[in-house]
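Below is one structure, written out as structure tokens; the observations come after it.
Here, each number is a calculation from the coordinates, and none is a lab measurement. In this text, all values refer to a predicted model and were calculated from it rather than measured experimentally. Cβ: placed from backbone, ideal geometry, glycine included. Neighbour counts: every protein chain shown.
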Amino acid sequence: MDNRAFAALADPTRRSVFERVAEHPRSVGALAAGLPVSRPAVSQHLKVLKDAGLVIDEARGASRVYRIDPNGLGPMRRWLDQQWERSLDNFKRLAEQEDQ
């Protein structure tokens, strides 16, 4: 599995940017207005999120609007689901051993 998405979301500010984009598509300026970091810093965070496959952008006039890439979270979700299933299987096995 590609760890870029997990690494991208490890940064708290980047997670905030991602969460704001997840609410609805936004421009860099709109994102920066609600965060305690500069517009260039938001652009850098968006670049990391884009490189990780978590957001995509499109030109709208003179600005770029970012939105969640619908395919970006799929690999993360599958990996987390596998870990959850493994944990449940282990819990079930331990519970069955205690019953015996």
- Message: If you fit an axis through the alpha-carbon atoms of helix 12-23 and take the longest principal axis of the Cα set of the chain, what angle between them do you get, 0 to 90°, nearest 10?
- Response: 80 degrees
- Any chance you could give the angle, 0 to 90 degrees and rounded to 10, that helix 39-51 forms with the longest Cα principal axis of the chain? 50 degrees
- Treating only the Cβ atoms of Lys and Arg (+1) and Asp and Glu (-1) as charged, compute the dipole magnitude of region 4-99 about its Cα centre; round to the nearest 20 debye. 640 debye
- Sorted on mean Cβ neighbours within 10 Å (highest first), peptides 9-16, 74-81 come out as 9-16, 74-81
- Task: Find which of 40, 10, 74 sits farthest along the positive direction of the dipole of the chain, computed with +1 on the beta-carbon of Lys and Arg, -1 on that of Asp and Glu, about the Cα centre.
- Result: 40
- Expressed as a whole number of Å, what is the distance separating the alpha-carbon centroids of region 49-87 and region 1-27? 8 Å
- Item | Angle between the chain longest axis and helix 74-99 axis [Cα atoms, degrees, rounded to 10] | 20 degrees
- Estimated 222 nm signal from helices in the chain, with DSSP H stretches of n ≥ 4 weighted -39500 (n - 2.57), rounded to 500: -20000 deg cm²/dmol
